[in-house]
Each structure stands twice: as structure tokens, then as C-alpha cells.
Amino acid sequence: MVVGVDGSPSSYAALRWAARYARSVGGVVEAVCAWDTPSEIGWAGPAIDPEFDLVQARERFAEELRAVFPEEHPAGLREELVEGDPSEVLIRASQGAELLVVGSRGRGGFARAMLGSVSQRCAQHAACPVVIVRQDQAPAH
């Protein structure tokens with residue numbers, strides 16, 4: 001199964017959910033993180049070095065996986081860092097997958113939104129069933 005990871009609390013919940021589900025069915029989890037060079041092309045060309053962005057993206061992805069699995073990664077966890085638009089990357093990754101798991105809201109967007117634009121696009125266009133996981137809720141006191 002493919003899981004979208006973007007550093008948001010709901011993507012962490014999606015990754016934890018996918019790891020539990022994979023363990024119960026004997027599946028494999030492919031954690032996919034999409035990154036994009038946030039540069040603007042002006043008179044002088046790109047403002048940011050894409051190689052530097054790739055290094056930062058790798059470091060951030062590794063930190064995100066450590067945040068979800070601080071002890072050790074689950075057996076069979078695969079990691080894939082892909083440059084591109086997150087929804088397009090995940091829709092492409094859904095080709096041949098048995099399941100696509102995404103968080104309900106990512107890093108961007110509006111806090112009031114019930115469903116983020118990436119999860120909504122994935123639900124509409126993925127080539128496999130999609131599970132949308134909400135952010136872990138803190139226990140009530």
C-alpha cells in the first residue's frame with residue numbers, strides 16, 4: 001500500500017494506520033513524500049538551487065519517519081521521495097497499489113477544511129481504493 005507523507009499530523013496518523021494495517025494483512029508500506037522546488041523564475045533564473053532543495057527534502061522526510069517511528073521502522077517499510085505535485089505523485093503511485101492511504105488535511109490549505117485538496121484529488125482519481133485518515137485526536141480529560 002502507498003501512504004502519502006507530508007509532515008502534517010494527519011499524514012503521521014495515516015502512516016501509523018497503514019503500518020498497523022499492513023502488519024495485520026502481511027502487506028508492505030511504501031511511504032511516499034513529494035517535494036517541489038519552491039523557486040520562482042525571474043530575470044536571474046531560479047532563485048533556489050534544486051540540489052539544495054533535494055538535500056533538505058531528504059532530511060525532512062527522514063525526520064518525519066523518525067517522528068512517526070522513533071524506535072525503528074516497521075519491517076517492510078519502503079521510502080520514496082519524488083519531486084512533483086503531491087496529488088499527481090500519489091495518483092501515479094496508486095497505479096498497481098492495492099490501497100492508497102492519505103491524511104485528511106496536509107500542511108497547506110485552510111484549517112476549516114474538512115478534506116484537503118490532495119486527499120480529495122486522490123479520492124477522485126486514484127487507481128485503487130483510498131483510505132483517508134483523520135489526525136490523531138488527543139484523549140479527552
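Might you let me know whether segment 105-117 holds any residue that is at pLDDT 95 or above, part of a loop (DSSP other than H, G, I, E, B), crowded, with 16+ Cβ neighbours inside 10 Å and more than 12 Å from the chain's Cα centre (by Cα)? Checked against the condition, which is being at pLDDT 95 or above, part of a loop (DSSP other than H, G, I, E, B), crowded, with 16+ Cβ neighbours inside 10 Å and more than 12 Å from the chain's Cα centre (by Cα), segment 105-117 yields no hits at all. Residues of segment 8-66 that are farther than 19 Å from Q135 by Cβ, among the acidic types (D, E) and at pLDDT 90 or above: E30, E59. Taken over segment 68-97, the criterion of being in contact (Cβ under 8 Å) with a residue 60 or more places away in the chain and among the hydroxyl-bearing types (S, T, Y) is satisfied by S94 alone. Filter segment 67-100 down to the residues that are over 18 Å from A123 (Cα atoms) and either buried (at least 17 other Cβ atoms within 10 Å of the Cβ) or touching a helix residue (DSSP H, G or I) at 6+ places or on another chain (Cβ under 6 Å) (or both) and list them by number. Selection gives V68, P74, L77, L81, V82.
Scanning segment 98-109 for residues that are in contact with a Ser or Thr (Cβ under 8 Å, 6 or more places away or on another chain) and in contact (Cβ under 8 Å) with a residue 60 or more places away in the chain gives L100, V102, G103, S104, R105, G106, R107.
Taking L81 as the residue in question, decide whether it is assigned to a helix (DSSP H, G or I) and either under 17 Å from S8 (Cβ atoms) or at pLDDT below 90 (or both). Here the answer is no, as L81 does not meet what is asked.
The values are calculated or read from the model by the stated rules, or taken from the named source; none is laboratory data. Quick caveat: nothing in here was measured; it's all calculated off a predicted structure. Methodologically, a virtual Cβ is constructed for each residue, glycine included, from the backbone with ideal geometry; neighbour enumeration extends over all protein chains shown.
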